[in-house]
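Below: one structure, written as C-alpha cells.
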Amino acid sequence: MARITLDATVLIALAKPDDAHHEWAKEFFLKSTDTQLCIASLTLAEVLVHPVRQKVAKKFLNAVSRLNLEVLPLAGDDVLGLAQVRVSSGLRMPDAVVLHTAIAHKTGIVTADFQLARAALAHKVAVHQPATTNI
C-alpha cells in the first residue's frame, strides 16, 4: 500500500468549506482510499490550534479519526535529520517537519503550500498538490 504524509494545509482545507483548496482536498481524500495517510504528530498539533481556540477540538479530532491517519511521532533520533532538512530546504520548522517525516518514512507528501512542494521536489520526494500550486 502506498503511503503519503499530509501537510497541515490539506486537513485545514478539508475542514473549511470556504478555503480555496477545499474541493481539491475533498477530492484527494476521496481518491486516497488505497493509500495509507500519515501525519507527523507535530503537524497534527498545528492543525488543532484553531479548533482548540474555537473549543471544538474533540469534535475535530473525532472527524479526523474517521480518516484513519497514521500519526507518526517525532523521536529523539529525528532531531539531527530534522535540523538538516530545515537548513537544506530553508523551510520554516513546521514545513521542515513534514518534509523530514516524508524523507524518514519514505513517503510522498500532499500539500497546498508552494514552498514546501518545491523543497520536497528538490529533496526527491513525490508531491501531490492542487493545480493552482504547481511548480
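None of the figures in this text is laboratory data; all of them are computed from the coordinates on show. These numbers were taken from a predicted model, which means no experiment stands behind them. Ideal geometry is used to build each Cβ from the backbone, glycine not excepted, and the neighbour counts take in all protein chains shown.
Quick notes
- Computed from backbone phi with θ = phi - 60° and the Karplus coefficients 6.51, -1.76 and 1.60, the 3J(HN,Hα) list for the range 46-63 is 4, 5, 6, 4, 5, x, 5, 4, 7, 6, 10, 4, 5, 4, 4, 4, 4, 5 Hz; x is used for glycine and proline.
- Per residue, the average separation of C-alpha pairs within less than 8 Å and at least 6 apart gives the chain a relative contact order of 29 percent.
- Entry for the chain at q = 0.09, 0.11, 0.14 Å⁻¹: log10 I(q)/I(0) = -0.24, -0.36, -0.59, Debye formula applied to identical alpha-carbon scatterers, no solvent contribution.
- Label-point gap, in nm, between N62 and S32 - each point 7 angstrom along Cα→Cβ: 2.3 nm
- Amide H contacts of V127: I109, each under 5 Å away and 5 or more positions distant or on a separate chain (H built 1.01 Å from N in the peptide plane; Pro and chain starts excluded).
- The long axis of helix 22-31 is offset from the longest Cα principal axis of the chain by roughly 80 degrees.
- Mean residue ellipticity, 222 nm, helices only, the chain: the sum of -39500 (n - 2.57) across DSSP H runs of n ≥ 4, divided by residue count and rounded to 500, is -16000 deg cm²/dmol.
- The chain, dipole about Cα centre (Lys/Arg Cβ +1, Asp/Glu Cβ -1), debye to the nearest 20: 220 debye
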